[in-house]
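S.K.: This is the structure, below, for whatever I ask next.
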Amino acid sequence: MIIRYAVNGDARALLSLFSKLDYESDFMLFEPGERQTTESEQAAIIEAFANTGGRFMFVAETADELVGFCVLVGNQQRRSARMASLVVGVAQAHWRRGAGAKLMAAAIEQAVASGISRIELTVRTDNVAALALYRKFGFAIEGVRTGSLEIGGRLFDEYYMARV
């Protein structure tokens, strides 16, 4: 498995990965079928990330497919330019195989190199594996977003976490 920056040619594979994640895990934000991004729109998103300072998109790739992604989105305003938001997703077949840790390490390394000193994320309070991963990389819980997600008619809480 290699971790690399996403490139325009990844648009179709990324959309396929996103769809897989939406169907196989309710820990991600989108519900199955909710994502309406086209391949050309996804390619434009990848291009925008490549050409905008403080925004980075990584993928985890095996010999034949993309199995994970990580997006680090820095703020453009000078007062908050040292902060960025992080999103990580890994296909279920690759959970607990190091993809998430490798993506996190790449994002943190890029953040440090880019002058980003605070990385923020949210995670469902019942996502034990993700919580362990984030803690391993120095993230701490700063608060709870009570009832922030509704999934299958149930409300779920999220932790607001940061690494400084």
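S.K.: Can you find, within the range 26-51, the residue that is most open to solvent (accessible area, probe 1.4 Å) among those that are at pLDDT 90 or above and small (Gly, Ala, Ser)?
M.R.: 40
S.K.: Another question, then. Of 112, 128, 123, which residue is open to solvent by less than 20 Å² (accessible area, probe 1.4 Å), out of contact with any Lys or Arg (no Cβ under 6 Å at 6 or more places or on another chain) and among the β-branched types (Val, Ile, Thr)? Spell out the reasoning first.
M.R.: Numbers: 112 fails: open to solvent by less than 20 Å² (accessible area, probe 1.4 Å); 128 fails: open to solvent by less than 20 Å² (accessible area, probe 1.4 Å).
Result: 123 is the single residue among 112, 128, 123 that is open to solvent by less than 20 Å² (accessible area, probe 1.4 Å), out of contact with any Lys or Arg (no Cβ under 6 Å at 6 or more places or on another chain) and among the β-branched types (Val, Ile, Thr).
S.K.: Within the set of pairs 6 or more residues apart or between chains, which connect a residue that is within 15 Å of residue 106 (Cβ to Cβ) inside the range 54-77 to a residue that is assigned to a loop (DSSP other than H, G, I, E, B) and open to solvent by less than 10 Å² (accessible area, probe 1.4 Å) with Cβ atoms less than 9 Å apart?
M.R.: 60/91; 66/91; 67/91; 68/91
S.K.: Give all pairs with beta carbons closer than 7 Å in which a residue from the range 148-164 that is of a type in the set (Gly, Ala, Ser) meets a residue that is crowded, with 18+ Cβ neighbours inside 10 Å; count only pairs at least 6 apart in sequence or on separate chains.
M.R.: That search, which allows pairs on different chains as well, returns 148/158; 162/119; 162/139.
S.K.: Here's something else I'd like to know. Of the residues 147, 68, which is at pLDDT 95 or above and in contact with a helix residue (DSSP H, G or I) (Cβ under 8 Å, 6 or more places away or on another chain)?
M.R.: The conditions single out 68.
S.K.: Within the group 158, 142, which residue is farther than 18 Å from residue 103 by Cα and open to solvent by less than 70 Å² (accessible area, probe 1.4 Å)?
M.R.: Every option except 158 fails the conditions.
S.K.: Now for a different question. Step by step: first the residues of the range 73-88, then only those that are modelled with pLDDT under 95 and not polar (S, T, N, Q), then the one that is nearest to the chain's Cα centre (by Cα). Which residue is that?
M.R.: 73
S.K.: What number of residues in the range 62-105 are polar (S, T, N, Q), open to solvent by 60 Å² or more (accessible area, probe 1.4 Å) and more than 17 Å from residue 17 (Cα to Cα)?
M.R.: Number satisfying all stated conditions: 2.
S.K.: For the range 1-23, what are the residues that are within 30 Å of residue 148 (Cβ to Cβ) and open to solvent by 60 Å² or more (accessible area, probe 1.4 Å)?
M.R.: 16, 20, 23
S.K.: Return the pairs, sorted by first residue and then second, in which the second residue is modelled with pLDDT of 95 or more and loosely packed, with under 11 Cβ neighbours inside 10 Å, the first residue lies in the range 135-147 and is at positive phi, the beta carbons are less than 6 Å apart, and the residues are 6+ apart or on different chains.
M.R.: Here the result reads 147/155, each pair linking the range 135-147 to a residue that is modelled with pLDDT of 95 or more and loosely packed, with under 11 Cβ neighbours inside 10 Å.
S.K.: Additional query: In the range 1-20, which residues are within 14 Å of residue 60 (Cα to Cα) and touching a residue at least 60 places away in the same chain (Cβ under 8 Å)?
M.R.: Hits for the range 1-20 are 1, 3, 6, 17, 18.
S.K.: Test each condition in (1) over 27 Å from residue 114 (Cα atoms); (2) without any contact (Cβ under 8 Å) to a residue 60 or more places away in the chain for residue 45 and report the one that comes out false.
M.R.: Single failed check for residue 45: (1).
S.K.: Tell me which residues, restricted to the range 120-160, are among the aliphatic types (A, V, I, L, M), touching a Gly at 6+ places or on another chain (Cβ under 9 Å) and assigned to a strand (DSSP E or B).
M.R.: Taking the range 120-160 and keeping what is among the aliphatic types (A, V, I, L, M), we get 121, 123, 128-133, 140-141, 144, 149, 151, 155.
With the extra rule that they be touching a Gly at 6+ places or on another chain (Cβ under 9 Å), the set shrinks to 129-130, 133, 155.
Selection gives 155 alone.
The values are calculated or read from the model by the stated rules, or taken from the named source; none is laboratory data. All values derive from a computational prediction rather than experimental measurement. So basically every Cβ, Gly included, is an ideal-geometry build from the backbone, and we count neighbours across all protein chains shown. To get the accessible areas, we keep the full protein, side chains included, count just its heavy atoms, and leave off ligands, DNA and RNA. Shrake-Rupley method; radii C 1.70, N 1.55, O 1.52, S 1.80 Å.
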